[in-house]
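The values are calculated or read from the model by the stated rules, or taken from the named source; none is laboratory data. All figures in this text were calculated on a predicted structure; none of them were measured in a lab.
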Amino acid sequence: MRFFLIDRITKWEAGSYAEGVKNVALSEDFFDDHFPRRPVMPGVLILEGLAQLGGLLLEASLQQQYAKSAKAVLTVLERTKFRTMIKPGDSLLYRTEVMALNEAGGKIKATARRDDQPVTSTQMVFAFKAMDDPLLDTKRKHLMDVWRQ
């Protein structure tokens with residue numbers, strides 16, 4: 001199963017920052033077991049949404065700055081904090097900012113908020129892995145087109 005934990009990218013500036021939204025619906029598969037009769041979005045999935053947005057931002061930043069294509073792979077989480085729980089009906093606003101970038105990888109600062117309330121904050125380190133898969137490139141381009149409409 002593949003989780004897409006971004007519904008829409010609302011702001012995008014390669015090399016700098018990106019913002020996106022995740023609307024949390026009761027129909028999400030993870031609510032079946034987390035937790036019965038008291039649904040709460042798992043913190044690791046909030047981190048995954050931030051990693052998806054941050055990885056896309058770093059990949060675009062790598063392309064822009066070094067004219068190289070690679071897949072960003074999450075390697076380290078630093079200073080991660082969870083401040084509140086997310087329930088069905090909530091909307092998460094993700095924000096990722098490039099802190100460092102080179103040809104081997106990059107680092108982002110990432111936050112998730114509900115309205116004006118902080119939910120999660122972290123710093124994420126990614127390594128770049130060379131990919132030569134035209135089908136994967138086509139699928140990723142299609143997703144970016146959908147998310148950035």
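Among the residues here, GLY54 qualifies as more than 16 Å from PRO118 (Cα to Cα) and modelled with pLDDT of 95 or more. Scanning the stretch 113-148 for residues that are part of a strand (DSSP E or B) and not aliphatic (A, V, I, L, M) turns up ARG113, ARG114, GLN117, PRO118, THR120, SER121, THR122, GLN123, PHE126, PHE128, LYS129.
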